[in-house]
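Everything on this sheet refers to the single structure shown next.
The values are calculated or read from the model by the stated rules, or taken from the named source; none is laboratory data. Since the model is a prediction, treat every value here as computed from it, not as a measurement. In this analysis, Cβ positions are derived from the backbone assuming ideal geometry, glycine residues included, and neighbour counts consider all displayed protein chains.
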Amino acid sequence: MGPLRTALAGATALLGLTFTLVSCTSAPTSSGLMDVATLPTAQSEALPAVEVVSVASAIVVSLEHATVEGGTAQEPLGYRADAVDGWRSALGSDSASSGSPSADGVVAHDWPGLRLLLADDDEGSVSITAAEVNGHPVRTAHGLAVGSTRAEAMAAGALPGSGHELRIDVREVPGTSSAERPDSVGTEFIALEMNGDTVASIRVPANDFGER
């Protein structure tokens, strides 16, 4: 073999080796790094915002007492002097005002839309003139509130009373005599004072005998 043929053979072998090395080096890059780069990655999805709704506690009145529904658990609110602090806590003490006893010995504790009247014998009542008091809905257990309609009151079981008044939850009180119905036992009830066909105020407890 001459020198020229020997040189060509060596160059050809060198080119083959170089091609083999390049092929071996680039293959992992194609099947390794490039594949990893194209793999889907887990994306952190933003969770939907949680809407926190603050619902004011409702005051539900009945003949015996009022109940706070929603908000912080609280004892029933009576219509007596020892319940004044409970009413202040439920409705907001900074909005309450108290007056001196009237000539007949009645003390009034006032909030905008609600008045707690306490007699000197500690028997009291609540007069409601607004659907909400300090942001708290006030209603009867039947769902009736200031602004309810006559039709809604009648559907809940209300009965005609004296004047423009409707009465609901009427019950007899033994040992009393009705001032409206001679020789009849007196009754107590929730009084709905109507303005046309709309409840203008609620008084609880009310009665038709005046005194026990």
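Couple of notes before you dig in:
- Residue in the range 66-84 that is surrounded by the most Cβ atoms within 10 Å (Cβ to Cβ), counting only those that are small (Gly, Ala, Ser) and at pLDDT 85 or above: Ala66
- Residues of the range 154-167 that turn out to be closer than 11 Å to Ala191 by Cα and outside any strand (DSSP E or B), as a count: 4
- Within the range 114-140, tally of residues that are at pLDDT 95 or above and in a loop (DSSP other than H, G, I, E, B): 3
- Considering residues of the range 85-106 that are part of a helix (DSSP H, G or I) and of a type in the set (Asp, Glu) only, the residue modelled with the highest pLDDT: Asp85
- Selection within the range 109-130 - closer than 13 Å to Leu192 by Cβ and either touching an Asp or Glu at 6+ places or on another chain (Cβ under 7 Å) or among the hydrophobic types (A, V, I, L, M, F, W, C) (or both): Ile128
- Single residue of the range 142-161 satisfying the filter (surrounded by fewer than 17 Cβ atoms within 10 Å (Cβ to Cβ) and in contact (Cβ under 8 Å) with a residue 24 or more places away in the chain) that is nearest to Asn207 (Cα to Cα): Arg150
- Which numbered condition Asp183 fails, given (1) in a strand (DSSP E or B); (2) farther than 21 Å from Ala200 by Cβ: (1)
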